[in-house]
Amino acid sequence: NCAACHGETGAGDGFAAGFAPVAVANFQDATTAAGASPALYYAKIARGGMGTGMPNWGTILREDELWALVDTLHTFLFEQSQ
């Protein structure tokens, strides 16, 4: 579950974020949200974030579900700007 680390609003403040070896990505931050291509975010979700504690979701989720997560990342930024 993404919210465990990234939080319900994508701010990187989930209950498990403190256990990650590095800071969890905050998708409410414009630099983070726009800092990588959709393909790179897809790869990070599918393969895991090497050295970050981000698990590999590619063996659990279908391709369309992975792309839906990539699309969701940008909604956190837009929700905060309203």
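Only the coordinates and a few stated rules stand behind these numbers; no lab work does. These figures come from a predicted structure and were not determined experimentally. Counting neighbours? That spans all protein chains shown, and the Cβs are built from the backbone with ideal geometry, glycine included.
Some notes on this structure:
- Residue in segment 41-60 that is loosely packed, with under 15 Cβ neighbours inside 10 Å, over 11 Å from the mean Cα position of the chain (by Cα), free of Cβ contacts under 8 Å to residues at least 60 places away in the same chain and within 16 Å of Ala3 (Cβ to Cβ) present: yes
- Hey, Gly10 surrounded by 11 or more Cβ atoms within 10 Å (Cβ to Cβ), of a type in the set (Gly, Ala, Ser) and at positive phi or not: yes
- The residues listed here are Ala25, Ala17; of these, the one that is free of Cβ contacts under 8 Å to residues at least 24 places away in the same chain, in contact with a His (Cβ under 7 Å, 6 or more places away or on another chain) and crowded, with 17+ Cβ neighbours inside 10 Å is Ala25.
- Boolean, Trp67 is among the aromatic types (Phe, Trp, Tyr), touching a residue at least 12 places away in the same chain (Cβ under 8 Å) and not in a helix (DSSP H, G or I): no
- Enumeration of residues in segment 1-35 that are touching a Leu at 6+ places or on another chain (Cβ under 6 Å) and under 14 Å from Gly49 (Cβ atoms): Phe27
- Candidates are the residues of segment 1-14 that are free of Cβ contacts under 8 Å to residues at least 40 places away in the same chain and in a loop (DSSP other than H, G, I, E, B); the one that is farthest from Leu61 (Cα to Cα) is Asp13.
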